[in-house]
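The values are calculated or read from the model by the stated rules, or taken from the named source; none is laboratory data. These numbers were taken from a predicted model, which means no experiment stands behind them. Using ideal geometry, Cβ is built from the backbone for each residue, glycine included, and neighbour counts are taken over all protein chains shown.
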Amino acid sequence: VPVYNSGKIEKKWQQKWADDKIFEANIDPNKPKHYALTMLPYPSGNLHIGHWYAITPSDAHARYMRMRGYNVMFPMGFDAFGLPAENAAIKHNIHPSKWTFDNIDHMRDQLKSMGAMFDWRREIISAKPEYYRWTEWFFLQLYKNNLAYRKFSPVDWCPTCNTTLAREQVWGDDRHCERCGTPVIKKDLNQWYFRTTKYAEELLDFSEMDWPERVQTLQTNWIGKSEGASVTFLSEDGDPLEVFTTRPDTLWGATFMVIAPEHPLVSKLTTPDHIAEVAAYVEQAKRQSDIQREAADREKTGVFSGSYAINPVNQAKIPIWIADYVLMGYGTGAIMAVPAHDERDFAFARKFNLKVIVVVQPENMELLDGDTMTQSVPAHGTLVNSDLMTGTPGDKAFDRVVSWLEEKGIGHRTVNYRLRDWLISRQRYWGAPIPMIYCPNCGVVPVPEKDLPVLLPEDVEWKPTGESPLKLHPTWKKVTCPCCGADAERETDTMDTFMCSSWYHLGYLSPYFNTWPFDQKEYDYWMPVDIYTGGIEHATMHLIYTRFFHKAGRDMGIMKGKEPMLMLRNQGSVLGEDNEKMSKSRGNVVDPDKLVAQYGADTVRAYLMFFARWELGAPWNSSGIEGSSRWIRRVWSLFLEPADRQNCANEDTLRIMRRKLHQTLKAVTRDLENFQFNTVISGLMELLNELMKAKQNGAFGSKEWNEAANIYLRMMAPVTPHISEEIWSLLGYPYSIHNQLWPEVDEEAAKEEEITLVIQINGKVRDRITVPADISDEDAKTIALATEQIHSAVQNKEIKKIIVVPKKLINIVL
Ligand code: ANZ
Ligand code: ZN
């Protein structure tokens, strides 16, 4: 018997699979297709265990689908633009391109050690001109379709990364940079945006997708839809102040207005005697984050502007305040304050002694009184103190008031979203150039498509100046205007790298193609992505951007269908052994290369699938992997070491063995379908124990044994592809196990065994029942007494005792 040498076996088969191209995915109209996509890595230098955890179970699932008869494409690539390359350039004085491509060469080898079924012909690297040419092309299409625009406005700026960030890249209550953790500041800049908000409503529709509930909720909240009304108030000078409210039914209770400190009318509305106070307040508001400002329980601050507005529904004259709990970035940046029914307005009114007028009286509450109430009442209810609307029941109030507002021309129904347009300009070098030209005569001019790609120059200086390095380049930005031939300048910002990853699933379709971003034949065959796997941390970034991209592309006639990715599954994370996040500084990082060298890729794969529920993750456990290693070695000897007693097992042994085999097959099939990898492995481990018993009892060499070995190896093939191929070949089966179909369950064999019990009353046979062989005495009695025959015979006679002869009979003594 050969010894199990993982290193040798794994190298050998990886080479042979590559030579034989067995995982190359080609269009095959005779087979159902399956596009399995897993999030591509950033070439940071090394694969970590988290990559293995995300990718190898996805590979197991893709392999399983392949054995189910699908034509499976499972591609891999590198999300290769981005800040770390540039930071490495500054720190180690190495060109970002060299840093990136060296890392890719190393990481590609590491990926190959997984033994995954990647089709490497389809590899994409987003920093290659062949790829980013199309990233630029997509920018131009968005621009032509009015989905990209430039705007001067305050933007979030990371002082450490020296670049602007999209709203999605600013995280947490302290509003820090998603990459480096530095709190962001505001800067006024001219930047490019994509009109993601145009798709806000459509992005809320998940009806044709199988995506985790959690991701749907995160996206839904991020998009933040509110239905309400826009109502226009006028200042005493006649300046219109439009407000957004979700409660138009409370209009008669508006006792003051509040505008954001950044509101354009602040200075106009501030009367001379309030200027100093207002100016000081506006200044301090700049230092607060939106999240702090919006918190309901925060001490309210604000200043009176000196001006008044007229409530259009009743002509009431109400003071206009300036307060930072109203955000400029939401709605119109101005609100009507209804303290009786809104929590924050109430706190504000009590603090500054403003009037509180009740206009909604919920049915089940005692009569509310604005002067004495100690908290606001946000519930709906019958309108009171509301002139002609008084008496309107709560469930009719919204519609009735809004119709009336529309009739009077005071306001109208509106829907508001929290989603903002996507800011894509970055003041960094290592990204796809924004293909735009600024001409003194023609203004903003797109680079003609035939001139793509706009190539990044090689010779750049990386001084962290806050300006794009491309701007500091002596010649790169100089260009002649494609319209008029005048001296013009290129845009020197580059694109957010999330732009590159918004369409990479299309890049895989035909990376060699150069007349269109993809080969239409490949698109029509493979798209949409059937299963997408990756981390949930992308829920409100990449996973929204890529959906937006698809929908925009569809409206431009480039893409097809409603969604780019039908099904999504998220893995959890592997924590350090100390239950902390893995990081170099904590010294708790697990190196997959070392594990592969010590145990082999199959063991690492099996352990990663076994040690946690995939979607939850768990802390690493270095002794735990020994268990998976033992399982692999036991499988090896189970099938390859001959037994002392062969082909002499009794029928019972063989029947029980086959029952366990087919029951396991059933469970493993179900669990692979559901991404329940841990029970796939534990099921195989249990079955191994059963097979070892059978081998001791002489099953080895029988036709039932051979069936068991054959099915066992095929079940193992997706999770541990190398050892299953090796044993398969040593047992003399034809190459390759990975071209076999998934085994079929023999339902008859999988059935639990049943026995017949005789039921007697006072020693006379009255009935028979069929029950599982391992039924308990108690359960047998209960079933016996419940049969129709026995029930009517016993009726309400007293049962003296019940005698059970296990597996034979039950005698009821009356
Ligand atoms: C009057 C009112 C009465 C309101 C009431 C609520 C309850 P959502 O659901 O999040 O969309 N609002 C509007 N714009 C705002 C801004 N820029 N900053 C802070 N608050 C703003 O919230 C909409 C409600 O939040 C709006 O409805 C408005 O207050 C406030 F009993 O108008 B409401
Ligand atoms: Zn021009």
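Listed values, structure above:
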| item | result |
| --- | --- |
| Members of region 746-770 that are under 47 Å from the mean Cα position of the chain (by Cα) and surrounded by fewer than 17 Cβ atoms within 10 Å (Cβ to Cβ) | Asp746, Glu747, Glu748, Lys751, Glu752, Glu753, Glu754 |
| All positions within region 516-553 that are of a type in the set (Ser, Thr, Tyr) and at pLDDT below 95 | Thr540 |
| Scan of region 591-634 for residues that are part of a helix (DSSP H, G or I) and among the aliphatic types (A, V, I, L, M), ordered by number | Leu595, Val596, Ala597, Ala601, Val604, Ala606, Leu608, Met609, Ile625, Ile632 |
| Whichever residue in region 443-458 is within 16 Å of ligand 2 (Cβ to nearest atom) and loosely packed, with under 15 Cβ neighbours inside 10 Å and, among such residues, is nearest to Tyr193 (Cα to Cα) | Val444 |
| Hits in region 459-485 (condition: more than 16 Å from ligand 2 (Cβ to nearest atom) and either outside the structural domain of Val447 (by TED's automatic domain parsing) or charged (D, E, K, R) (or both)) | Asp459, Glu461, Lys463, Glu467, Lys471 |
| Hits in region 22-77 - residues which are among the aliphatic types (A, V, I, L, M) and closer than 30 Å to Lys584 by Cβ | Leu37, Met39, Leu40, Leu47, Ile49, Ala54, Ile55, Ala60, Met76 |
| Residue, surrounded by the most Cβ atoms within 10 Å (Cβ to Cβ), within region 345-369, restricted to residues that are touching a residue at least 60 places away in the same chain (Cβ under 8 Å) and in a loop (DSSP other than H, G, I, E, B) | Val359 |
| Positions within region 459-476 being within 20 Å of Asp487 (Cα to Cα) and surrounded by 19 or more Cβ atoms within 10 Å (Cβ to Cβ), in sequence order | Leu470, Trp476 |
| Leu713 being at pLDDT 95 or above and surrounded by fewer than 17 Cβ atoms within 10 Å (Cβ to Cβ) | no |
| Those residues of region 758-803 which are in contact with a helix residue (DSSP H, G or I) (Cβ under 9 Å, 6 or more places away or on another chain) and charged (D, E, K, R), in sequence order | Arg766, Asp767 |
| Residue within region 322-334 that is more than 11 Å from ligand 1 (Cβ to nearest atom) and not assigned by TED's automatic domain parsing to the domain that holds Thr197 present | yes |
| Single condition Glu406 does not satisfy, out of (1) among the charged types (D, E, K, R); (2) farther than 30 Å from Thr540 by Cα; (3) touching a residue at least 12 places away in the same chain (Cβ under 8 Å) | (3) |
| Single condition Met657 does not satisfy, out of (1) out of contact with any Leu (no Cβ under 8 Å at 6 or more places or on another chain); (2) among the aliphatic types (A, V, I, L, M); (3) modelled with pLDDT of 95 or more | (1) |
| Residue satisfying condition, being under 24 Å from the mean Cα position of the chain (by Cα) and surrounded by 17 or more Cβ atoms within 10 Å (Cβ to Cβ), within set Thr100, Thr135 | Thr135 |
| Only one of Thr163, Thr197 that is away from ligand 1 (no atom under 16 Å from the Cβ) and of a type in the set (Val, Ile, Thr) | Thr163 |
| Test: residue in region 275-294 that is within 15 Å of ligand 1 (Cβ to nearest atom) and among the small types (Gly, Ala, Ser) | yes |
| Subset of region 171-187 (residues that are in a strand (DSSP E or B), under 25 Å from Tyr42 (Cβ atoms) and either basic (Lys, Arg) or at pLDDT 85 or above (or both)) | His176, Cys177, Pro183 |
| Pick from region 5-27, criterion touching a Ser or Thr at 6+ places or on another chain (Cβ under 8 Å) and over 14 Å from Tyr735 (Cα atoms), ranking: surrounded by the fewest Cβ atoms within 10 Å (Cβ to Cβ) | Glu10 |
| Condition check for Asn588: touching an Asp or Glu at 6+ places or on another chain (Cβ under 8 Å) and either part of a loop (DSSP other than H, G, I, E, B) or surrounded by 14 or more Cβ atoms within 10 Å (Cβ to Cβ) (or both) | yes |
| Number of the exception - Ile275 against (1) among the aliphatic types (A, V, I, L, M); (2) under 30 Å from Met389 (Cβ atoms); (3) loosely packed, with under 14 Cβ neighbours inside 10 Å | (2) |
| Looking only at region 217-247, and only at residues there that are among the small types (Gly, Ala, Ser) and over 40 Å from the mean Cα position of the chain (by Cα), the one that is farthest from Ile536 (Cα to Cα) | Gly238 |
| Only listed residue being under 18 Å from Thr245 (Cβ atoms), within 43 Å of the chain's Cα centre (by Cα) and surrounded by fewer than 21 Cβ atoms within 10 Å (Cβ to Cβ), chosen from Pro378, Pro339, Pro312 | Pro378 |
| Where Val303 falls short, out of the listed (1) more than 45 Å from the chain's Cα centre (by Cα); (2) away from ligand 1 (no atom under 15 Å from the Cβ) | (1) |
| Elements of type strands (runs of 3 or more DSSP E) in region 419-498, at least 1 residues being in contact with a Cys (Cβ under 7 Å, 6 or more places away or on another chain), away from ligand 1 (no atom under 16 Å from the Cβ) and β-branched (Val, Ile, Thr) | 436-439, 443-446 |
| Trp52 vs. criteria in contact with a His (Cβ under 9 Å, 6 or more places away or on another chain) and within 18 Å of Arg605 (Cα to Cα) | no |
| Any hit, region 486-503, residues being aromatic (Phe, Trp, Tyr), without any contact (Cβ under 8 Å) to a residue 40 or more places away in the chain and either within 16 Å of ligand 2 (Cβ to nearest atom) or in contact with a strand residue (DSSP E or B) (Cβ under 9 Å, 6 or more places away or on another chain) (or both) | no |
| Test for Leu638: is it surrounded by 13 or more Cβ atoms within 10 Å (Cβ to Cβ), at pLDDT 95 or above, assigned by TED's automatic domain parsing to the domain that holds Phe611 and within 22 Å of Trp728 (Cβ to Cβ) | yes |
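Here is a yes/no grid of residues against (1) part of a loop (DSSP other than H, G, I, E, B); (2) more than 26 Å from the chain's Cα centre (by Cα):
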site: Pro2; (1), (2): yes, yes
site: Asp19; (1), (2): no, yes
site: Asn46; (1), (2): yes, no
site: Pro57; (1), (2): no, no
site: Tyr64; (1), (2): no, no
site: Ala80; (1), (2): yes, no
